[in-house]
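The values are calculated or read from the model by the stated rules, or taken from the named source; none is laboratory data. Not measured: the values here are computed from a predicted model. Glycine also receives a Cβ, built like all others from the backbone with ideal geometry; neighbour counts cover every protein chain displayed. All accessible areas refer to the heavy atoms of the entire protein, side chains included, with ligands and DNA or RNA removed. Shrake-Rupley method; radii C 1.70, N 1.55, O 1.52, S 1.80 Å.
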Amino acid sequence: MAEKRWIAETLFDDLGFRMSYQVDKVLYEIQTEHQHLVLFEHPFFGKMLMLDGATQITKRDEFIYQEMMSHVPLFAHGQTREVLIIGGGDCGIAEEVLKHKSVKRLTQVEIDPAVIEFSKEHFPEFTKPVFADKRFESVIDDGMKYVARTERRFDAIIVDSTDPQGPGKVLFSQKFYAACKRCMNKGAVLVTQNGVPMFQPNELASSVAKFRGLFADGTCYVAAIPTYVGGHMAMGWASDDRRLRQTPVKTLAARYRKAGAFSTRYWTPEVHAAAFALPRFIADVVAKARPRR
């Protein structure tokens with residue numbers, strides 16, 4: 001009997017540990033122009049996608065990340081019509097965003113066309129409803145270049161990036177955040193994937209410092225996602241409207257009802273409000289982030 005293959009997450013090699021996942025079946029594996037991509041079946045997590053040794057999405061817990069990256073900014077804002085997603089080629093976040101009736105147009109900018117094509121084949125549960133929605137626009141482009149030159153303006157920008165390595169590195173730069181601000185409407189909100197503060201505190205501190213050099217409000221909120229090991233995951237938050245992250249539960253609940261009270265498995269108005277209440281060790285990282293211009 002052939003020995004089982006295990007795939008290791010190498011994201012935290014510098015900290016001296018790896019998480020390894022047993023492979024029931026490799027569904028797809030390729031070295032694209034931009035990154036190494038592997039999709040495989042795991043006995044517990046189901047379909048798992050890894051890019052350059054970092055877990056991106058699993059069937060078992062994808063809903064947590066996708067709901068918190070989409071519903072928090074959109075319900076906090078309350079009137080998002082134009083939304084931009086940078087990255088997110090699997091279309092999981094796009095599917096959540098399009099549940100909001102207020103959204104008139106959703107533009108997704110993905111650098112790697114191979115990710116889109118592969119997602120259409122292997123994640124049809126996300127891609128089919130998204131590509132069938134007339135409000136959705138798929139753009140193959142470098143996210144940095146797109147925000148630097150577009151004439152469009154957005155009410156919410158969601159940065160669904162990989163970790164700051166390879167093609168995703170520029171999406172954590174001051175230049176990128178400044179370009180995002182350039183194409184944001186008044187009172188708009190920017191949210192970002194900002195890693196696990198227990199293991200990546202410098203990544204979070206660096207982004208928040210850059211936010212504070214550009215926006216009136218820069219902080220993060222948290223969610224617990226099992227496959228992003230290390231406890232809480234941080235989502236970066238930046239806006240010129242300080243009131244957005246203090247939206248009362250009552251207001252969030254009313255907006256949720258108005259949106260059709262669609263089904264969620266993690267996000268609730270109460271969880272939304274509580275996500276901004278940071279554990280002390282994360283609050284300390286955020287507090288030390290000095291505005292960087």
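PHE199 contributes about 60 Å² of solvent-accessible surface, heavy atoms of the protein only, 1.4 Å probe. Over the chain, the pair-distance histogram of Cα-Cα distances with 10 Å bins from zero comes to 6, 29, 38, 22, 4, 1, 0 percent, rounded to whole numbers. When Rg and Dmax are taken over the Cα atoms of the range 214-293, they come to 14.3, 41 Å. Summary of the geometry: the range 196-236 and the range 79-129, compared by the centres of their Cα atoms, lie 23 Å apart.
Here the dipole of the chain is about 1580 debye; that uses its Cα centre as origin and unit charges on the Cβ of Lys and Arg (positive) and Asp and Glu (negative).
When the alpha carbon gyration tensor of the range 153-245 is reduced to an equivalent ellipsoid, its three semi-axes come out at 21, 15, 11 angstrom, largest first. Phi-derived couplings, Karplus 6.51 cos²θ - 1.76 cosθ + 1.60 at θ = phi - 60°, listed residue by residue for the range 117-133: 5, 5, 5, 4, 7, 9, 10, x, 5, 9, 5, 4, x, 5, 5, 7, 8 Hz, with x used for Gly and Pro.
The charge dipole of the range 1-79, taken about the Cα centre with unit charges on the Cβ atoms of Lys, Arg (+1) and Asp, Glu (-1), comes to about 260 debye, rounded to the nearest 20. Given bins 5 angstrom wide, list per bin the percent of all Cα-Cα distances in the range 11-80, short to long. The calculated distribution, bin by bin, is 3, 14, 18, 18, 17, 13, 8, 6, 2. A crude spin-label estimate for the pair ALA178 and ASP24, with each label 7 Å from Cα along the Cβ direction, gives 4.9 nm. Across the range 1-136, the relative contact order, built from alpha-carbon pairs under 8 Å that are at least six residues apart, equals 15 percent. Of the beta bridges DSSP finds with both residues in the chain, what % are antiparallel, to the nearest 5? So the antiparallel bridges amount to about 65 percent of the total.
Considering only ASP160, ASP141, ASP24, the mean-square fluctuation computed in a Gaussian network model of the chain, springs between alpha carbons under 10 angstrom, is largest for ASP24. Using a simple spin-label model with pseudo-atoms 7 Å out from Cα toward Cβ, TRP6 and GLU121 lie 2.9 nm apart.
Near ASP14, once Lys and Arg are set to +1 and Asp and Glu to -1 for all other residues with Cβ below 14 Å from its Cβ, the sum equals -3. Modelled spin labels at HIS36 and ARG243, positioned 7 Å past Cα toward Cβ, are 5.0 nm from each other. Per residue, the solvent-accessible area of the chain (1.4 Å probe, heavy atoms of protein chains only, all protein chains present) comes to 44 Å².
Once the convex hull of all Cα atoms in the range 45-84 is built, its volume per residue stands at 80 Å³. Only Cα pairs under 8 Å and 6+ residues apart enter the sum, and on that basis the relative contact order of the chain stands at 15 percent. Computed from the alpha carbon atoms alone, the convex hull of the range 1-148 holds 136 Å³ per residue.
Given a 1.4 angstrom probe, I'd like the percentage of the accessible area of the range 1-143 that is carbon and sulfur, rounded to a whole number. Accessible surface attributable to carbon and sulfur in the range 1-143 totals 50 percent. Taken along its principal axes, the alpha carbon cloud of the range 92-247 reaches lengths of 38, 36, 31 Å, longest axis first.
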